[in-house]
1. State the extension gain, in nm to one decimal, for the chain segment bounded by ALA301 and ALA227, taking 0.36 nm per residue of separation less the distance between their alpha-carbons.
2. Once label points are set 7 Å from the Cα along Cα→Cβ at both ALA281 and ALA184, what is their separation, rounded to one decimal in nm?
3. From the phi of every residue in segment 140-150, what ³J(HN,Hα) in whole Hz does the Karplus formula 6.51 cos²θ - 1.76 cosθ + 1.60 yield, where θ is phi - 60° and glycine or proline is x?
4. Calculate the FRET efficiency for ARG176 and GLU97 from the Cβ-Cβ distance with a Förster distance of 30 Å, rounded to the nearest 0.05.
5. What label, among [x] 47, 42, 39; [y] 56, 46, 37; [z] 78, 56, 36, belongs to Cα extents along the principal axes in Å computed from the structure on display?
6. Sort MET1, MET155 so that the residue with the fewest other Cβ atoms within 10 Å of its own Cβ comes first and the one with the most comes last.
7. Quick one: order SER269, SER264 by neighbouring beta-carbon count within 10 Å, fewest to most.
8. Rank SER19, ILE232, ALA284 by how far each Cα sits towards the positive end of the charge dipole of segment 9-301 (+1 on Lys, Arg Cβ; -1 on Asp, Glu Cβ) and give me just the farthest.
Amino acid sequence: MPQGYDQPLYILPFDHRHSYGADVFGYHEPLTSAQIADVAASKQVIYDGFKLAVAAGVPRTAAGILVDEEFGAAILEDARREGFLRAVPVEKSGQEEFDLEYGADFAAHLDRFDPTFVKVLVRYNVAGDAATNARQRQRLQQVSDYCAASGRKFMFELLVPPEPAQLTRCGGDRARYDLELRPALVVAAVGELQQAGIEPDVWKIEGLDRREDCERVVAAVRGGGRARVGCIVLGRGENEQKVLEWLRTAAAVPGFIGFAVGRSSFLSSIVALRAGQRTPAEAAAEIAARYAEWVREFEQARP
């Protein structure tokens, strides 16, 4: 059984790798050393924004970053020295099926950076391909066991993309799928993964539109004696208004302890920086303001 994590948790995630390099910079694998340096420098600007927000009043005990080793090794080292909460991903970037970035060596990479949280991103629909889901559970079990043995917290980002038949039932409308079908599929996925012995301390959940759906998800992740397990909301790159709706809905439900909102926090500023329309300092200040806004809105909506 996981120890869980039920303290406030406000994560600024910028562990995006392949999609980030391609969408923002137009770079494609394999990257040159100069291209890697470009991407790393932009992530430093995001981290500078995070630090500005903390200096301006975002609670230091709740503030955290999620950044990758490939482009953020120096950031992770600095965050450890500063004592910030920090999460490191272990999944390969840009893959539909979850697999470990460094295979059997993933533990050695984590031990190097000593993160607070070990993060996985997994696309898991209980109606999806059974063999794929079984392979993903087997790999996830390795991560879950490592976290339990090492004392590190396990952060599970659960994405539940629609199967074709599910989307057809919703008339091809993704928003309708999110409202009508996805909440129950999230609950089903949580139960199936827990039954397989996969025990996150924090579940990263795509935003939910209704309070009652948030309550059902909390009941699922905390069932069976998992009373301290927490949920956080992810932003999924949505516009500001949608992110705020999700944050306010979740914050009102005990068990939702915070958020992890990435692209909605930094993407427009980094694109403007890349286009020469912002200085690094201006981009960092914008990112700080958005991140602080999410914190403020979440805290105001808490019971």
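1. Working: separation 74, 0.36 × 74 = 26.64 nm, distance 2.20 nm.
Result for the pair: 24.4 nm of gain on full extension.
2. Between ALA281 and ALA184, the label points sit 5.6 nm apart.
3. Here the 3J(HN,Hα) series is 5, 4, 4, 5, 4, 5, 4, 5, 4, 6, 8 Hz.
4. Values: r = 26 Å, r/R0 = 0.88.
The computed FRET efficiency comes out at 0.70.
5. For Cα extents along the principal axes in Å, the calculated option is [x].
6. Working: MET1 12, MET155 29.
By the 10 Å Cβ count, ascending, the order reads MET1, MET155.
7. Numbers: SER269 25, SER264 20.
If I rank by nearby Cβ atoms, fewest first, I get SER264, SER269.
8. Toward the positive end, the furthest listed residue is ILE232.
Readers should treat all values here as calculations from the given coordinates under stated rules, not as data from a laboratory. In this text, all values refer to a predicted model and were calculated from it rather than measured experimentally. As a convention, Cβ positions derive from the backbone with ideal geometry for all residues, glycine included, and neighbour counts pool all protein chains shown.
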